[in-house]
Amino acid sequence: MLEIKKLNVFYGKLHVIWDLSMTVGDEGVGLFGPNGAGKTTLINTILGLVKPRSGEILFEGRRIDGLDTHRIVREGIAVVPQERELFPFMSVRENLELGAAFVPRAQGRTKDLFNFVYEIFPVLKEREHQLAGTMSGGEQRMLAIGRALMAAPRLLILDEPSVGLQPSIVIDLFHKLRLIRENGVSILLTEQNVRQGLKAVDRGYILENGRIVLEGTSEELANNDHVRKSYLGL
C-alpha cells in the first residue's frame, strides 16, 4: 500500500532522513524512536508538507511525493497529528462532519462512517453535542482519530497518539487501534511508548538519527536486546 524508497530529507543543509526505505501493507506498522529521530518529519514528508531531496513515496502503486497535501489526502491517507488540532468551540458531531466534508471518497457514506466511528468510540456518540474543547485529553484524542476515520482512509497515520495521556487511557486507545485495523484500515503509528505501541501493530521499525536501524515483527522487536535495553528498560 505505502512504499518508501531511499528517502532523503533535508532542513536547509541539515540531513534529517537518510536513505529511508519502508513499507506498509494491509496491516498495522509502528515507527519507534526517541525525540528528534525524524518520525514527525517522515509523516510530514509523506503528506507533502516537506519535500524530499531524493527518493520515492508510492501509495497503492502511484507516486505521491510530488503531490500537494490535499491531493494526497484524497488518495486515501488520513493523519492524526500529535496536537489533535480540533475545533474547540464546535461540537463533537460538527468536528466529525468536517472530517468527511472535502473528501470525495467519503461523500455518500457519511451515515456508515458515523456508525463506524461511534462503534469504535461509543463515548463520541454519547457526547456528540458537547463542545470539543470541554472534553478530556483522552476523549479529544479519540475525537481526532474519529475525525480522521470520517475521511474513509485506506491508511491512517497517527503521530505520537499516547503523548499526554495517562497509562490506562493509553492501553484502551491502543486496543481501539487494533479494532480499527481489524475493520480494514491500515495503520502507521509513530510512538515513543514502544512497550504499548508494539501491542497495537503487526510489524515495526526503529528509527534513530534519521536512519532505520532495526525492523521486524512486533514479537521480534519486543525480544530484541537493543530494543529491550534502550526502549523497554529491561
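The values are calculated or read from the model by the stated rules, or taken from the named source; none is laboratory data. Bear in mind that the values here come from a model prediction, so they are computed numbers and not experimental data. Neighbour counts run over all protein chains shown; Cβ positions are idealised from the backbone, glycine included. The protein model used for the area step is the full one, side chains on, heavy atoms only, and it has no ligands, DNA or RNA in it. Shrake-Rupley method; radii C 1.70, N 1.55, O 1.52, S 1.80 Å.
Using only C-alpha atoms and all pairs of different ones, pull out the Kirkwood radius for segment 102-160 in Å with one decimal.
12.1 Å
Given segment 152-207 reduced to its alpha-carbon atoms as identical point scatterers, what log10 I(q)/I(0) does the Debye formula return at q = 0.18, 0.20, 0.28 Å⁻¹?
Result of the Debye calculation: -0.56, -0.69, -1.29.
What list of ³J(HN,Hα) couplings, whole Hz, do you get for segment 71-77 from phi and the Karplus terms 6.51, -1.76, 1.60, once you set θ to phi - 60° and write x for glycine and proline?
Per residue, the Karplus-derived 3J(HN,Hα) values read 6, 5, 4, 5, 5, x, 10 Hz.
Using a 1.4 angstrom probe on the protein heavy atoms only, line up 47, 179 by accessible area, largest first.
Listed by decreasing accessible area, they come as 179, 47.
In whole Å, how far is the Cα centre of segment 82-130 from that of segment 1-51?
Centre-to-centre distance over Cα atoms comes out at 28 Å.
Over the Cα atoms of segment 127-234, what radius of gyration and what Dmax do you get, in Å?
15.0, 48
Per residue of segment 9-18, what does 6.51 cos²θ - 1.76 cosθ + 1.60 with θ = phi - 60° give for ³J(HN,Hα)? Whole Hz please, x for Gly and Pro, Karplus curve as stated.
10, 10, 10, x, 8, 8, 7, 10, 10, 10
Return one whole number: the accessible area per residue of the chain in Å², for a 1.4 Å probe.
Per residue, the chain has an accessible area of 46 Å².
Set Lys and Arg Cβ to +1 and Asp and Glu Cβ to -1, take the dipole of segment 91-234 about its Cα centre, and tell me which of 194, 214, 110 lies farthest positive.
110
Run the dipole for segment 75-234 about the Cα centre, Lys and Arg Cβ at +1, Asp and Glu Cβ at -1, nothing else charged, and hand back the magnitude in debye, nearest 20.
180 debye
Take the alpha carbon gyration tensor of the chain, find the square roots of its eigenvalues, order them as a ≥ b ≥ c, and report rounded if a/c is under 1.5; if not, report prolate when a/b exceeds b/c, else oblate.
Judged from the Cα gyration tensor, the chain comes out oblate (a/c at least 1.5, b/c at or above a/b).
Please report, in whole Å, how far the alpha carbons of segment 46-173 spread along each principal axis, starting with the longest.
Largest to smallest, the principal-axis extents are 44, 35, 25 Å.
Ignoring ligands, DNA and RNA, what percent of the 1.4 Å accessible area of the chain is carbon and sulfur?
Carbon and sulfur: 49 percent of the exposed surface of the chain.
Please report the base-10 log of the normalised intensity I(q)/I(0) for segment 26-74, using a Debye sum with one equal scatterer per alpha carbon and no solvent, at each q in 0.20, 0.25, 0.29 (1/Å).
So the normalised log intensities are -0.77, -1.04, -1.16.
Could you give the dipole magnitude of segment 65-137 about its Cα centre, charging the beta-carbon of Lys and Arg +1 and that of Asp and Glu -1, in debye to the nearest 20?
Result for segment 65-137 is approximately 200 debye, rounded to the nearest 20.
Mind running the shape call on segment 1-85? Use the C-alpha gyration tensor, a ≥ b ≥ c as the square roots of the eigenvalues: rounded below 1.5 for a/c, prolate if a/b tops b/c, oblate otherwise.
rounded
Assuming R0 = 35 Å, can you tell me the calculated FRET efficiency for the pair residue 98 and residue 225, based on Cβ-Cβ distance, to the nearest 0.05?
The pair residue 98/residue 225 has a calculated efficiency of 0.15.
Report the normalised scattering of segment 191-234 as log10 I(q)/I(0) at q = 0.27, 0.29, 0.32, 0.34 Å⁻¹, calculated by the Debye formula with identical scatterers on the alpha carbons.
The calculated log intensity ratios at q = 0.27, 0.29, 0.32, 0.34 Å⁻¹ are -1.03, -1.18, -1.37, -1.45.
Aspartates and glutamates near residue 5 by alpha-carbon distance under 12 Å, same-chain residues fewer than 8 away left out - which ones?
Here the aspartates and glutamates satisfying the reach criterion relative to residue 5 are 19, 56, 65.
Going Cα to Cα from residue 176, which lysines come in below 26 Å? Please leave out same-chain ones fewer than 8 positions away.
Candidates past the 8-residue exclusion: 39, 111, 125, 199.
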